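As structure tokens, the structure follows; a few thoughts come after it.
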Amino acid sequence: MQVDSLLNVLHVAERLKDATRHCYTSGGRHESVAEHSWRLALFAFFLRDEFPELDMDKVIRMCLIHDIGECFTGDIPTFLKTAADADKEDDLLAQWVNTLPEPYRTDMAALYAEMNALETGEARLYKALDKLEAVIQHNESPLDTWLPREYELNLTYGDQNVAFSPYLTALRAAVRRDTERKIAEGK
């Protein structure tokens, strides 16, 4: 990639450092989208041995790029995001991807198409980890930052996404126990 093109891509991606998510960190400040994406990629890295049949480098790439659309729209919590919001984010992301030089344009477009279809093991794993990371982060955040609707959501969020894997199902159960413990201790 030409250095000017690389700098332009990095300048766009830098916006994710300032794009805050609905969730808080354990220290009590809003988490950034960049922080979520980084830990999601790290999460995938540590699961390489659990999914030897999958292309984990592809899963890590999916984790790294999955929220780049939020450079253009900001983060909208899942319980507030409408189909129109998702379409707008997808359209703006596609416009940006189309400005990338080859082979990155084709590679990223193919990754996004695979991620949206959720038909491959890699795409299903990325999506499951994305949901789990959000719940884990909520468990780490102070309880007084939770909205009332998040108590139930944190107990069920991502259940259907992990169902394809006994390992992820067990991990989701452990995360749910953390949620139940946090809620019980907070009462």
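Structure summary
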read-out	value
The chain, helix-only ellipticity at 222 nm - DSSP H runs n ≥ 4, -39,500 (n - 2.57), divided by all residues, nearest 500	-21000 deg cm²/dmol
Magnitude of the charge dipole, the chain, Cβ model with Lys/Arg +1 and Asp/Glu -1, debye to 20	540 debye
If the convex hull is drawn through the Cα atoms of region 7-105, its volume per residue in Å³	129 Å³
Kirkwood hydrodynamic radius over Cα pairs of the chain, then Stokes diffusion coefficient at 37 °C and 0.692 mPa s, in µm²/s	188 µm²/s
Under the Karplus curve 6.51 cos²θ - 1.76 cosθ + 1.60, θ = phi - 60°, whole-Hz ³J(HN,Hα) for region 102-113, x wherever Gly or Pro sits	6, x, 5, 4, 5, 4, 5, 4, 5, 4, 5, 4
Residues whose placed amide H lies under 5 Å from that of SER32, excluding near-sequence neighbours	ARG21
Region 44-79 versus region 88-156: alpha-carbon centroid distance in Å	6 Å
The chain: most fluctuating residue of ASP85, ASP130, ASP75 per GNM, C-alpha cutoff 10 Å	ASP85
Dipole of region 3-186, positive direction: furthest Cα of MET115, VAL12, TYR24, with charges on the beta-carbon	TYR24
Using θ = phi - 60° and Karplus 6.51 cos²θ - 1.76 cosθ + 1.60, couplings along region 23-36 (whole Hz; Gly, Pro as x)	7, 10, 7, 5, x, x, 10, 4, 6, 8, 4, 4, 5, 4
Kirkwood-type radius of region 51-161, with distances r between different C-alpha atoms, in Å	15.5 Å
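Quick note: the coordinates plus some simple rules give every number you see, no bench work behind them. The structure presented is a predicted model; accordingly, all values stated were derived computationally and were not measured. Counting neighbours? That spans all protein chains shown, and the Cβs are built from the backbone with ideal geometry, glycine included.
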